[in-house]
Amino acid sequence: MCFLLSSNLPPAAKAKYQEYLDSGSTEEKIKKLEEFLSLVPKHKATEKIVALNKSRLAKMKREQEARRQKQKSTQKIASPFSIKKEGIQIILISNFNTPGVGKTTLLNYLTGAATDKIGRFTPIPEIGIYNYQNIRFQIVDMPSIMEGASEGVGNGKEILSQLRSADLLCICVDLSGNVIEQMGLLLKELSKADIRINQSPPPLTIEKTGANKIQVLYMNREAKFSDNLEELSEKIKDIVNENGIRNGIVKIFGEINLDDIIDVLTPSVVYKKVIILGTKGDLPHTQENFEILEGKYSNKFPIILGTSFHKKNFPKDLGETILKFLNKIRIYTMNGGIVAKKPLLMDEGTTVKETAEKIHRSFYENFDHAVIIREGVRQKRKKVGLDYRLKDYDIVEIHTT
Ligand SMILES: Nc1nc2c(ncn2[C@@H]2O[C@H](COP(=O)(O)OP(=O)(O)O)[C@@H](O)[C@H]2O)c(=O)[nH]1
Ligand SMILES: [Mg+2]
């Protein structure tokens, strides 16, 4: 690789690159290339090498993911780690090196499930339903995560693959232990599994087209954040090209960096909301450790809870906190004057149209108007159209033609 010779990379990085070139399987190649990238210092002179190799990595991961999907669809036996989702799925995770964090105690407290499994090794997931305001939260008590999980250690692949489809991950940390160590391993394994935490997908799309070139379009004012858009476009084209896409349109809607382009090209990247729940707050030094946890992680984790089951110290409004954190609002449908007990959960900012579609397509197709009942406003009852934006606790009656 001539670019390696011409650049002044540290010897360790060069050696790792050679290992990458020499490795056989895709798994091995991915591992070596990731290690190589971690050894390359990040600055202007290495930007291109980093970007090109990240693209390569993304491409290999894409191929790996495609094989995995194919394997999955031909697999006959159901894995005990494969969990059918019901309602809002919350998966409890913890670090294997700190056993007995209190995950099963938490599951039991919220749902009543697995009473006989508290204080015992739980090698496969335990599940229960936590009911809050007629909303069902499926709590999954997952076996703890080992070092190397992302490479398959301790059923790591099966576990991480479940985490990818959860609505919320809850990292359980024993406040009487070393909280930084517990967090460190979990964050490392999640990151290696391409699970991005509490961040939004980058504001860009990449579509393949018929035209024989790659176009980069800056779609709005926010997208024109750099003074050198031309240089940026060239770098983006290189990366997209390196990923085997010869013709396509890259649309940019806000400030982005080159890693964002690679993330969008990597199908294994998922974006997850994650909270931290500290346990055993009744034991010595747990207040100090809770403060350490907050000090180090509150930037990335808006929700860090401290609890004690032995002292019955637990937030009463957990369901509420979770709905807010997931940006969900409750919409109650009304039919013939009767309001449903169980709300529809919609995303904040949802419209009457989206809600009608969610109930049934025919409500949208034959829509005439809707009546909204909103508490606490002067004009409580209101006739509205499809574009009307709904709020938490709105009651909606849809009238069809
Ligand atoms: N001191 C204290 N111990 C707890 C608390 N919650 C759970 N434990 C204990 O921690 C041990 C392990 O709990 P368990 O829920 O099985 O942990 P898991 O391995 O993470 O599922 C049990 O003996 C629990 O009684 C707590 O709030 N305070
Ligand atoms: Mg357990």
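At-a-glance table
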item	result
Condition broken by LEU106, with the remaining ones in (1) within 16 Å of ligand 2 (Cβ to nearest atom); (2) surrounded by fewer than 19 Cβ atoms within 10 Å (Cβ to Cβ) satisfied	(2)
For ILE245: the one exception among (1) crowded, with 16+ Cβ neighbours inside 10 Å; (2) modelled with pLDDT of 95 or more; (3) in contact with a strand residue (DSSP E or B) (Cβ under 8 Å, 6 or more places away or on another chain); (4) not basic (Lys, Arg)	(2)
Matching entry among GLY119, GLY112 (being of a type in the set (Gly, Ala, Ser) and within 11 Å of ligand 1 (Cβ to nearest atom))	GLY119
Tally of residues being in a helix (DSSP H, G or I), polar (S, T, N, Q) and either assigned by TED's automatic domain parsing to the domain that holds GLY152 or surrounded by 12 or more Cβ atoms within 10 Å (Cβ to Cβ) (or both) across segment 6-64	6
Qualifying residue in segment 267-287 (condition: assigned to a helix (DSSP H, G or I) and under 30 Å from GLU207 (Cβ atoms))	no
Among residues of segment 84-100, those that are within 21 Å of GLY154 (Cβ to Cβ), small (Gly, Ala, Ser) and more than 10 Å from ligand 1 (Cβ to nearest atom), counted	0
Criterion violated by THR355 - all others in (1) within 16 Å of ligand 1 (Cβ to nearest atom); (2) in contact with a helix residue (DSSP H, G or I) (Cβ under 9 Å, 6 or more places away or on another chain) satisfied	(1)
Top-ranked residue of segment 122-149 - restricted to ones that are of a type in the set (Asp, Glu) and within 13 Å of ligand 1 (Cβ to nearest atom), ranked as nearest to the chain's Cα centre (by Cα)	ASP141
Residue within segment 113-126 that is more than 12 Å from ligand 2 (Cβ to nearest atom), outside the structural domain of GLN64 (by TED's automatic domain parsing) and touching a strand residue (DSSP E or B) at 6+ places or on another chain (Cβ under 7 Å) present	no
Residue selected from segment 59-96 under the condition polar (S, T, N, Q) and within 15 Å of ligand 2 (Cβ to nearest atom), by the criterion farthest from GLU151 (Cα to Cα)	SER94
Odd one out for ASP317, checked against (1) surrounded by fewer than 18 Cβ atoms within 10 Å (Cβ to Cβ); (2) at pLDDT 95 or above; (3) within 30 Å of ILE118 (Cβ to Cβ)	(2)
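The values are calculated or read from the model by the stated rules, or taken from the named source; none is laboratory data. Only a predicted model underlies this, so the values are computations on that prediction, with no experimental measurement involved. Because the Cβ atoms are built from the backbone with ideal geometry, glycine has one as well, and the counts that use them run over all protein chains shown.
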